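Trainee: This is the structure, below, for whatever I ask next.
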Amino acid sequence: MHQGTLFHQDSQRNRPLAIRMRPETLDDFVGQSHLLGKGKILRDMIELDSISSMIFWGAPGIGKTTLAEIIAKSTKARIISFSAVTSGIKDIKKIMEEAELTRQIGQKTLVFVDEIHRFNKAQQDAFLPYVEKGSIILIGATTENPSFEVNAALLSRAKVFVLESLSSSDIMTLLTRTLTSSQGLAEYDVKYDDDTLLAIANFANGDARTALNTLEMAVINGDKIENGGIIIRQEHLYDLLNRKSMLYDKNGEEHYNIVSALHKSMRNSDVDSAIYWLARMLEGGEDPVYIARRLIRFASEDIGLADCNALNLAVNVFKSCQMLGMPECDVHLTQAVTYLSLAPKSNAIYQARVKVVKDIKNAPCEPVPLHLRNAPTKLMKEIGFGKGYKLAHHYTDKTTTMQTMPNALLGHRYYFPTDEGDETEINQRLQRLNYLKNNDN
């Protein structure tokens, strides 16, 4: 019989807290009730042993790796893990061939690929034939949108499960369990109150690993009680929690999510929400010039001529960001976001652009009518260039009934001003021009 040693015990205690507290069954797993609650699809698949290839998509620290290990144990499959850094094509193919042999004798092989988005196309392709044949059950985990990071052929053969960030309540459950578990921090006999644990849970931003690491540091730095034990208080957490870890990756999926949230908040005239999302980007280290470029686009796409000053302001703020940089330009960006949020909204310019591109793609590209062409040479005049052209300045209302649209597109309109802001006056002007153009001057 193998006998344990003090060295073995020490090595167990030296393992990271997040590893020691990793659950081994579905009943111990915290969070993802939309997938793992009683009667939910993923739980049924696991309990009925009907697992197929799947991709877990979600933020760091929410249990993707843990869930894969639980699935492997519950399905009595041997589990193989791959790393994008250390696994070459030859390594993958060798193990896949072994998996095919074990399948033929009735042994399931579950292949777990953490951070599958880091595998290149060739590495991902190496799994494909074995997934198709059923030689392996592939479980990939990714923090990035699999639509962009996983090969389409592989993605079509796997079900994508979106894992949600853990709620503060979920993390509170995990922290309480850790403080009373022999695998966790029970030996420290920690005294605490719920407000202290809630502060840690809120700081973790849905990441269990961050929560456990913070709790461990709080316990290590807690006050020792004279008759034994340790007490942690909320006021003692300040140094640990003085900078909240922002869920913001300048090159990742969350980057685009927050840009989208900023844009849509401004479009919806939700000024406080827009200021919040802007602050999230700045606190996460985003380049202020990038944000300013997005605001210039917004000024034309969602405001346009409803407020003719919006684009000017956005361009000026862009220049301010270039000249000042952070942290000084933060107030300029906040001013721009506030102004753009409160400005009257119109996407008439954007819609005009969409409509005209559609016509260009679908209608014949007719030559420019002769009367609209310049005639700098005698020959060009002789063949009709410029003939019949009417100079608007020679007419009372500075417009004429002259045709300027190709024949195939006569009557097509692209710009339809709204009744918002400055476009009210523009609309009246356009109606007047349309009336004049349909009547002789």
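The values are calculated or read from the model by the stated rules, or taken from the named source; none is laboratory data. Only a predicted model underlies this, so the values are computations on that prediction, with no experimental measurement involved. With ideal geometry, Cβ positions are generated from the backbone for all residues, glycine too; neighbour counts draw on all protein chains shown. Accessible surface areas use protein heavy atoms only, side chains included; no ligands, DNA or RNA. Shrake-Rupley method; radii C 1.70, N 1.55, O 1.52, S 1.80 Å.
Trainee: Out of the residues in the stretch 330-362 that are assigned to a loop (DSSP other than H, G, I, E, B) and over 25 Å from the mean Cα position of the chain (by Cα), which is farthest from TYR415 (Cα to Cα)?
Mentor: Per the stated criteria, the residue is ALA343.
Trainee: Let me ask you something else. Among the candidates PHE318, PHE298, single out the residue that is among the aromatic types (Phe, Trp, Tyr) and farther than 14 Å from LYS345 by Cβ.
Mentor: PHE318
Trainee: Oh, and also: Does PHE385 meet the test of being under 30 Å from ASN407 (Cβ atoms) and not aliphatic (A, V, I, L, M)?
Mentor: When the stated conditions are applied, PHE385 passes them.
Trainee: Pull up the stretch 363-392, narrow it to residues that are part of a loop (DSSP other than H, G, I, E, B) and among the charged types (D, E, K, R), then point me to the one that is nearest to LEU433 (Cα to Cα).
Mentor: Among those residues, the one meeting the criterion is LYS390.
Trainee: Can I ask one more? Taking the stretch 122-171 only, how many residues are among the charged types (D, E, K, R), touching a residue at least 60 places away in the same chain (Cβ under 8 Å) and touching a strand residue (DSSP E or B) at 6+ places or on another chain (Cβ under 9 Å)?
Mentor: Total meeting the criteria: 3.
Trainee: Hey, any hits in the stretch 272-280 for a residue that's crowded, with 22+ Cβ neighbours inside 10 Å, more than 21 Å from the chain's Cα centre (by Cα) and either closer than 14 Å to LEU342 by Cα or at pLDDT 90 or above (or both)?
Mentor: no
Trainee: Do you know which of the residues in the stretch 281-304 that are open to solvent by less than 10 Å² (accessible area, probe 1.4 Å) and more than 22 Å from ALA352 (Cβ to Cβ) is nearest to the chain's Cα centre (by Cα)?
Mentor: It comes out as MET281.
Trainee: Give the stretch 195-233 a look and list any residue that's open to solvent by 90 Å² or more (accessible area, probe 1.4 Å) and not basic (Lys, Arg), or say none.
Mentor: Answer for the stretch 195-233, where residues must be open to solvent by 90 Å² or more (accessible area, probe 1.4 Å) and not basic (Lys, Arg): ASP195, ILE220, ASN221, GLU226, ASN227.
Trainee: When you go through LYS345, LYS378, LYS358, LYS387 one by one, which is the residue that is surrounded by 11 or more Cβ atoms within 10 Å (Cβ to Cβ) and without any contact (Cβ under 8 Å) to a residue 12 or more places away in the chain?
Mentor: When all the criteria are applied, what remains is LYS358.
Trainee: Out of the stretch 341-396, which residues are of a type in the set (Ser, Thr, Tyr) and over 30 Å from ASP419 (Cβ atoms)?
Mentor: Correct list: THR377, TYR389.
Trainee: Restricting to the stretch 319-334, what's the tally of residues that are open to solvent by 40 Å² or more (accessible area, probe 1.4 Å) and either in contact with a Ser or Thr (Cβ under 9 Å, 6 or more places away or on another chain) or on the phi > 0 side of the Ramachandran plot (or both)?
Mentor: 2
Trainee: On the basis of being acidic (Asp, Glu), open to solvent by 50 Å² or more (accessible area, probe 1.4 Å) and out of contact with any strand residue (DSSP E or B) (no Cβ under 9 Å at 6 or more places or on another chain), does ASP397 make the cut?
Mentor: yes
Trainee: Would you say ARG78 is out of contact with any His (no Cβ under 9 Å at 6 or more places or on another chain), touching a residue at least 12 places away in the same chain (Cβ under 8 Å) and under 21 Å from PRO60 (Cα atoms)?
Mentor: no
Trainee: Going through the stretch 324-366 one residue at a time, which ones are of a type in the set (Asp, Glu) and either more than 18 Å from ALA314 (Cβ to Cβ) or at pLDDT below 90 (or both)?
Mentor: GLU328, ASP359, GLU366, listed by residue number.
Trainee: Of the residues that sit in the stretch 401-427 and are in contact (Cβ under 8 Å) with a residue 60 or more places away in the chain and of a type outside the set (Asp, Glu), which one is nearest to ALA299 (Cα to Cα)?
Mentor: GLY421
Trainee: Also, quick follow-up: Restricting to the stretch 222-259, what's the tally of residues that are at pLDDT 80 or above and under 20 Å from ALA201 (Cβ atoms)?
Mentor: Of the residues in the stretch 222-259, 5 are at pLDDT 80 or above and under 20 Å from ALA201 (Cβ atoms).
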